[in-house]
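*Asks:* So that we are looking at the same thing, I have put the structure below in structure tokens.
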Amino acid sequence: MTAPAPDGALVRFAREVGATGPVAVEGGRTRWDTGGDPAAGTRLLRAPAGIVEHRPEEMTVRVRAGTAVDELHDELAATGQRTALPRRGGTVGGALAVGENDVCVLGRGRVRDAVLQVRYVSADGVVVTGGGPTVKNVTGYDLPRLLVGSLGTLGLLAEAILRTNPVPAVSRWFRAEGAVPFKAFDALFRPSAVLWNGCTTWVELEGHAADVEAERRALVAATAVAGGWSECDAGPVLPPYRWSLRPSELRRLHEAAPGGPGAAGGAGGPGEAGEAGGHGASIGEPSGLGELVASIGVGTVFSSRPAPPRPPSPALAALAARVKHEFDPGGRLNPGRSVDPAGSVSPR
Amino acid sequence: MRGRPVSADPLVAALCAVLGRDRVRDDAAERALLAHDASVFAGGAAGPVCFPTSTEEVRAVVRIAASHGSAVVPRGAGTGLAGGAIPLGRPVVVVTTKMNRILEVDRDDRIAWVEPGVVNLDLTKHLRPLGFHFAPDPSSQQACTIGGNVANNSGGPHCLAYGVTSQHVLALDVVLPDGEVVRLGGLDAEPPGYDLRGAFIGGEGTLGIATRIAVRITKNPPAVRTLLLAFDSIEEAATVVGRVVAAGIVPAAMEVMDRGITVAVENFVHAGYPVDAGAVLLVEVDGPEAGTALDAERIAEIGRAGGATSVRTAAGEEERALLWRGRKTAFGAVAQIAPSYYLHDTVVPRAALPQVLRAVYEIAERHGLMVVNVFHAGDGNLHPLLLFDPREPGTLARVHAAGREIVEVSLAAGGVLSGEHGVGVEKRDYMPLQFSDVDLDHQNRLRRAFDPACRANPGKVLPSGHSCADIQSLERLPAGVWA
């Protein structure tokens with residue numbers, strides 16, 4: 001009564017991976033540099049592709065890792081649904097292996113929260129299932145979350161079951177010059193995105209038409225900008241690098257911005273790393289960010305400059321190394337690539 | 001406590017040296033008390049019981065236990081229903097209830113740092129006036145702790161829209177089983193490295209002890225609508241649940257209660273539940289005003305089209321609270337029907353709910369048992385309560401047999417073993433029904449990475465053939481005897 005056996009495509013993929021020699025999977029190469037290039041001599045494979053089963057009434061979709069994210073979204077859109085995977089090219093497996101969230105993560109949800117089940121090929125060449133097919137499940141350890149963002153260093157993703165969500169009735173973008181983006185964020189109940197580039201603020205509002213209109217009015221009332229808010233087709237073009245900050249750190253960015261309340265004094269300062277050893281979370285001087293688009297309430301900053309390295313504490317590094325060793329004792333999965341490389345950035 | 005003699009047991013003496021004698025209990029009564037949790041399983045055997053108040057003290061306790069070759073079992077309020085906090089093999093029991101401070105609420109980061117012993121509902125009561133709440137709301141929320149919620153990745157009625165605990169925890173300070181302290185996750189948008197935060201949550205105390213937890217705080221919805229729909233049969237109610245979701249509506253909660261439990265609840269809280277209905281469906285939608293009203297209207301329409309004999313909308317906060325009090329006290333109300341019950345927790349696809357519910361009633365009838373159903377229908381999360389009198393000879397064996405069949409029927413319908421209670425000892429030996437040997441081996445690899453020496457809550461989650469050598473060190477396993 002265990003989960004249905006992997007089908008032929010997954011079994012063939014496992015056979016291709018085999019049990020020896022360095023191996024990695026390539027998808028759309030849209031995030032290929034993330035974590036570093038695989039070492040020379042690494043055999044490159046492609047994961048099986050195809051949407052296996054979309055169950056709109058369950059709000060789930062079973063999809064193979066090699067499927068294009070665009071193809072998945074097109075399939076879901078036909079029944080008025082979508083997933084948290086960012087729509088920017090590439091494959092489902094690649095998006096899960098990298099684990100980056102959509103720029104509108106507040107509305108679409110986090111990628112790792114959308115993964116209900118994973119099937120991956122292990123370092124010894126067998127198909128492993130983690131998680132379960134239902135929208136709620138706490139049976140056993142959470143291997144799906146461990147695999148998301150692991151860059152194919154613990155197992156090679158072959159298939160996943162993802163949670164889907166209804167596409168809201170209305171999605172509208174608005175922009176204004178000179179608005180305080182935090183006032184916009186605080187005034188709104190559940191914006192899908194509030195983005196700010198140092199002078200312009202963009203907001204995406206989604207939901208029932210009347211609610212979106214009410215939220216728009218709340219936005220106008222809370223920010224009181226001279227030129228007002230205008231509707232636009234989309235948000236801003238995003239610079240290529242991602243910095244991961246605390247949402248509160250963005251206030252310091254705002255204070256340090258030209259014309260901002262604290263422009264003369266600059267900003268920067270310590271991050272949140274507390275008494276326990278985690279990643280050094282201090283990002284340093286906001287002035288180092290260059291051209292930027294900041295996601296208010298989230299903390300992601302899209303920048304023209306790479307983020308500085310954030311090495312883990314020794315205790316966390318040791319734990320991560322034990323995880324890697326347990327799942328890939330011979331180091332054959334994506335050798336040369338690491339989830340803790342010199343920095344946490346990837347060219348977009 | 002000054003008069004208490006220093007223990008001759010070197011482990012207890014070492015613990016007392018760190019915590020003081022008043023925060024290390026080793027008397028038979030205290031150990032017997034903590035040998036159980038809220039599950040129906042027979043108790044285990046607790047070793048010294050410790051009440052630390054800081055990360056440093058937890059670390060010291062864990063290190064002392066390790067140096068004496070003793071296992072460690074963390075414990076919050078002990079409300080778990082899967083036996084996850086039952087101590088096996090006389091481990092040191094680390095009770096977190098004295099670590100119960102809300103350390104910080106940061107509205108910019110939308111987080112609260114809390115200690116693991118903070119009671120779930122206390123956190124939400126603290127946050128409400130600030131315009132926020134903690135979304136996971138298990139039925140035990142008046143007693144259960146955030147640390148326990150983390151250990152079990154707890155849910156509750158409102159996780160249909162808001163998600164279970166893992167979606168609401170950003171970072172944790174964890175004392176690993178070797179005494180190292182690490183911060184997992186972070187408050188920033190996308191912390192680098194493996195998602196060890198995600199892997200830790202739901203680990204049922206087998207991966208370490210969380211001593212500080214950064215939880216996400218959720219904005220209170222501007223509008224809430226609560227509806228109570230009555231149906232002639234539970235199958236009709238379950239079918240309507242599927243239709244609501246298929247219509248593209250994700251309510252905050254959708255709870256079904258069958259006739260047996262509805263009658264018991266109505267006798268208990270007098271909320272005006274229709275006692276002549278075959279089943280009732282409690283639905284809550286929240287969010288901005290207009291959409292909430294629209295969704296409530298559509299749900300009522302879908303309900304009527306699906307056979308609802310009445311649709312009642314709570315007129316205000318008082319009526320809403322009353323309807324929820326009925327749902328949240330349902331398990332207590334069962335005492336009117338039978339002296340004991342065994343609460344199952346499986347999940348099936350929503351579309352399979354009608355057929356699986358039919359099977360649950362058939363199974364209970366075949367085994368001569370009474371069953372009532374009250375469950376998170378929106379998630380497909382079943383909670384059949386098998387009612388019985390433990391004094392009646394032979395009943396326990398029938399409850400066991402019926403329980404296993406419910407698990408098997410759920411899995412055969414494409415479901416899973418547990419939606420929110422966890423595996424603990426209850427479903428540990430059922431794990432091979434859902435996972436292959438290879439799958440379980442990989443789960444064990446994760447556990448070994450955190451706990452190479454198998455000192456953290458041994459004997460839980462993974463069946464003996466698949467967990468590291470922990471089982472061999474136990475004095476005894478729970479007998480599976482019903483309390």
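The values are calculated or read from the model by the stated rules, or taken from the named source; none is laboratory data. Because the structure is a prediction, the values reported are computed rather than measured. For neighbour counting, all protein chains shown are included, and Cβ atoms are generated from backbone atoms with ideal geometry for every residue, glycine included. Each accessible area value is taken on the protein alone, full model and side chains, heavy atoms only, with ligands, DNA and RNA left out. Shrake-Rupley method; radii C 1.70, N 1.55, O 1.52, S 1.80 Å.
*Asks:* B:Leu187 passes all but one of (1) more than 15 Å from the chain's Cα centre (by Cα); (2) farther than 25 Å from A:Leu188 by Cα; which number fails?
*Replies:* Unmet condition: (2).
*Asks:* Restricting attention to the range B:117-140, which residues are out of contact with any Cys (no Cβ under 9 Å at 6 or more places or on another chain), farther than 21 Å from B:Asp188 by Cα and surrounded by 17 or more Cβ atoms within 10 Å (Cβ to Cβ)? Give the derivation first.
*Replies:* Filtering the range B:117-140 for residues out of contact with any Cys (no Cβ under 9 Å at 6 or more places or on another chain) gives B:117-118, B:122-134, B:139-140.
Now drop any that are not farther than 21 Å from B:Asp188 by Cα, which leaves B:117-118, B:122-131, B:139-140.
Hits for the range B:117-140 are B:Gly117, B:Val118, B:Asp122, B:Leu123, B:Thr124, B:His126, B:Leu127, B:Ser139, B:Ser140.
*Asks:* Ok, one more. Scan the range A:10-26 residue by residue and report those that are in a helix (DSSP H, G or I), open to solvent by 40 Å² or more (accessible area, probe 1.4 Å) and not acidic (Asp, Glu). Please lay out each step first, then the result.
*Replies:* Of the residues in the range A:10-26, the ones in a helix (DSSP H, G or I) are A:10-17.
From the residues that got through so far, the ones that are open to solvent by 40 Å² or more (accessible area, probe 1.4 Å) too are A:11-12, A:15-16.
Listed by number, the residues that qualify are A:Val11, A:Arg12, A:Arg15.
*Asks:* How many of the residues in the range B:399-451 are buried (at least 24 other Cβ atoms within 10 Å of the Cβ), touching a helix residue (DSSP H, G or I) at 6+ places or on another chain (Cβ under 7 Å) and on the phi > 0 side of the Ramachandran plot?
*Replies:* Qualifying residue count for the region: 1.
*Asks:* Would you confirm, using the coordinates I've provided, whether A:Ala210 is within 14 Å of another protein chain (Cβ to nearest Cβ) and crowded, with 19+ Cβ neighbours inside 10 Å? So that I can check it myself, show each step before the final result.
*Replies:* On the way: within 14 Å of another protein chain (Cβ to nearest Cβ): yes; crowded, with 19+ Cβ neighbours inside 10 Å: no.
Against the criterion (within 14 Å of another protein chain (Cβ to nearest Cβ) and crowded, with 19+ Cβ neighbours inside 10 Å), A:Ala210 does not qualify.
*Asks:* Give just the number: which of (1) open to solvent by less than 40 Å² (accessible area, probe 1.4 Å); (2) touching a helix residue (DSSP H, G or I) at 6+ places or on another chain (Cβ under 7 Å); (3) closer than 29 Å to B:Val245 by Cβ; (4) not charged (D, E, K, R) does B:Ala351 not satisfy?
*Replies:* In the conditions (1) open to solvent by less than 40 Å² (accessible area, probe 1.4 Å); (2) touching a helix residue (DSSP H, G or I) at 6+ places or on another chain (Cβ under 7 Å); (3) closer than 29 Å to B:Val245 by Cβ; (4) not charged (D, E, K, R), B:Ala351 misses (1) alone.
*Asks:* Now, a different point. Filter the range A:208-239 for residues that are aliphatic (A, V, I, L, M) and at positive phi and give the result. Don't jump to the end; show me each part of the working.
*Replies:* Taking the range A:208-239 first, the residues aliphatic (A, V, I, L, M) are A:209-210, A:212, A:214, A:218-222, A:224-226, A:234, A:237-238.
Correct list: A:Ala224 only.
*Asks:* Can you tell me which residues in the range A:33-55 are open to solvent by less than 40 Å² (accessible area, probe 1.4 Å) and at pLDDT below 95?
*Replies:* A:Thr34, A:Gly35, A:Gly36, A:Pro38
*Asks:* What's the number of the only condition in (1) more than 10 Å from chain A (Cβ to nearest Cβ); (2) at pLDDT below 95; (3) under 23 Å from the mean Cα position of the chain (by Cα) that B:Ala456 fails to meet?
*Replies:* The number of the failed condition is (2).
*Asks:* Assess whether B:Gly307 counts as being surrounded by 22 or more Cβ atoms within 10 Å (Cβ to Cβ), over 27 Å from the mean Cα position of the chain (by Cα), more than 14 Å from chain A (Cβ to nearest Cβ) and modelled with pLDDT of 95 or more. Let's see the steps before the verdict.
*Replies:* Numbers: surrounded by 22 or more Cβ atoms within 10 Å (Cβ to Cβ): no; over 27 Å from the mean Cα position of the chain (by Cα): yes; more than 14 Å from chain A (Cβ to nearest Cβ): yes; modelled with pLDDT of 95 or more: yes.
For B:Gly307, the condition - surrounded by 22 or more Cβ atoms within 10 Å (Cβ to Cβ), over 27 Å from the mean Cα position of the chain (by Cα), more than 14 Å from chain A (Cβ to nearest Cβ) and modelled with pLDDT of 95 or more - is not met.
*Asks:* Select from the range B:418-452 the residues that are under 24 Å from B:Asn149 (Cβ atoms) and of a type in the set (Ser, Thr, Tyr) and write down the one among them that is farthest from the other protein chains (Cβ to nearest Cβ).
*Replies:* My answer is B:Tyr430.
*Asks:* Residues in the range A:224-243: is at least one within 13 Å of another protein chain (Cβ to nearest Cβ) and open to solvent by less than 20 Å² (accessible area, probe 1.4 Å)? Show your work before the answer.
*Replies:* Pass one, the range A:224-243, residues within 13 Å of another protein chain (Cβ to nearest Cβ): A:241-243.
With the extra rule that they be open to solvent by less than 20 Å² (accessible area, probe 1.4 Å), the set shrinks to A:242-243.
Taking every residue of the range A:224-243 in turn, at least one turns out to be within 13 Å of another protein chain (Cβ to nearest Cβ) and open to solvent by less than 20 Å² (accessible area, probe 1.4 Å).
*Asks:* Another question about this same structure. Is at least one residue of the range B:387-397 surrounded by 18 or more Cβ atoms within 10 Å (Cβ to Cβ), within 14 Å of chain A (Cβ to nearest Cβ) and touching a strand residue (DSSP E or B) at 6+ places or on another chain (Cβ under 7 Å)?
*Replies:* no
*Asks:* A further question on this structure: Pick out, from the range A:92-174, the strands (runs of 3 or more DSSP E) lying fully within it that include 1 or more residues that are more than 9 Å from every other protein chain (Cβ to nearest Cβ). Give the derivation first.
*Replies:* Values: elements: A:115-121, A:127-131, A:156-163.
Ranges flagged: A:115-121, A:156-163.
*Asks:* Now a separate question. Among the residues in the range B:35-50, are any assigned to a helix (DSSP H, G or I) and among the hydrophobic types (A, V, I, L, M, F, W, C)?
*Replies:* Keep residues of the range B:35-50 that are assigned to a helix (DSSP H, G or I), which gives none.
There is no residue in the range B:35-50 that is assigned to a helix (DSSP H, G or I) and among the hydrophobic types (A, V, I, L, M, F, W, C).
*Asks:* For the range B:200-221, enumerate the residues that are surrounded by 23 or more Cβ atoms within 10 Å (Cβ to Cβ) and not in a strand (DSSP E or B). Walk me through how you get there before you give the answer.
*Replies:* At the first step, the residues of the range B:200-221 found to be surrounded by 23 or more Cβ atoms within 10 Å (Cβ to Cβ) are B:200-215, B:217.
B:Phe200, B:Ile201, B:Gly202, B:Gly203, B:Glu204, B:Gly205, B:Thr206, B:Leu207, B:Gly208, B:Ile217, listed by residue number.
Let's see how each residue does on (1) assigned to a strand (DSSP E or B); (2) free of Cβ contacts under 8 Å to residues at least 40 places away in the same chain:
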{"residue": "B:Gln355", "(1), (2)": "no, no"}
{"residue": "B:Ala364", "(1), (2)": "no, yes"}
{"residue": "B:Phe375", "(1), (2)": "yes, no"}
{"residue": "B:Pro390", "(1), (2)": "no, no"}
{"residue": "B:Leu396", "(1), (2)": "no, no"}
{"residue": "B:Glu405", "(1), (2)": "no, no"}
{"residue": "B:Gly422", "(1), (2)": "no, no"}
{"residue": "B:Met431", "(1), (2)": "no, yes"}
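*Asks:* Quickly run through the range A:16-31 and pick out the residues that are at positive phi and within 22 Å of the chain's Cα centre (by Cα). Full working, then the answer.
*Replies:* Going through the range A:16-31, the residues at positive phi turn out to be A:18, A:21, A:29.
Answer for the range A:16-31, where residues must be at positive phi and within 22 Å of the chain's Cα centre (by Cα): just A:Arg29.
*Asks:* Sticking with this structure for a sec: Could you tell me whether any residue of the range B:290-297 is open to solvent by 30 Å² or more (accessible area, probe 1.4 Å), within 14 Å of another protein chain (Cβ to nearest Cβ) and within 28 Å of the chain's Cα centre (by Cα)?
*Replies:* Checked against the condition, which is being open to solvent by 30 Å² or more (accessible area, probe 1.4 Å), within 14 Å of another protein chain (Cβ to nearest Cβ) and within 28 Å of the chain's Cα centre (by Cα), the range B:290-297 yields no hits at all.
*Asks:* All but one of (1) free of Cβ contacts under 8 Å to residues at least 60 places away in the same chain; (2) within 21 Å of B:Thr97 (Cα to Cα); (3) more than 9 Å from every other protein chain (Cβ to nearest Cβ) hold for B:Val215; state the number of the condition that does not hold.
*Replies:* (1)
*Asks:* Right, another one. Looking only at the range A:184-204, how many residues end up being within 23 Å of A:Pro166 (Cβ to Cβ) and either over 20 Å from the mean Cα position of the chain (by Cα) or acidic (Asp, Glu) (or both)? Walk me through it before giving the result.
*Replies:* Taking the range A:184-204 first, the residues within 23 Å of A:Pro166 (Cβ to Cβ) are A:188-194, A:203-204.
Those left that are additionally either over 20 Å from the mean Cα position of the chain (by Cα) or acidic (Asp, Glu) (or both): A:188-189, A:204.
Matching residues across the range A:184-204 total 3.
*Asks:* Continuing with the same structure: Out of (1) modelled with pLDDT of 95 or more; (2) within 12 Å of the chain's Cα centre (by Cα), the odd one out for A:Arg88 is which?
*Replies:* (1)
*Asks:* Of a type outside the set (Val, Ile, Thr), within 14 Å of another protein chain (Cβ to nearest Cβ) and at negative phi - does that describe any residue in the range A:32-42?
*Replies:* First, the residues of the range A:32-42 that are of a type outside the set (Val, Ile, Thr): A:32-33, A:35-41.
Applying the additional criterion that residues be within 14 Å of another protein chain (Cβ to nearest Cβ) yields A:35-36.
So of that shortlist, the ones also at negative phi come out as none.
No, there is no match, as no residue in the range A:32-42 is of a type outside the set (Val, Ile, Thr), within 14 Å of another protein chain (Cβ to nearest Cβ) and at negative phi.
*Asks:* Another question about this same structure. Take the range B:254-285 and flag every residue that is in contact with a helix residue (DSSP H, G or I) (Cβ under 6 Å, 6 or more places away or on another chain) and within 15 Å of B:Ala223 (Cβ to Cβ).
*Replies:* Matches in the range B:254-285: B:Val283, B:Val285.
*Asks:* Output the qualifying pairs, or none if there are none: Cβ atoms under 8 angstrom, residues six or more apart or on different chains, first residue in the range B:161-172 and over 17 Å from B:Asp109 (Cα atoms) and in contact (Cβ under 8 Å) with a residue 40 or more places away in the chain, second residue open to solvent by less than 20 Å² (accessible area, probe 1.4 Å) and basic (Lys, Arg).
*Replies:* Pairs found: B:Val164/A:Lys136.
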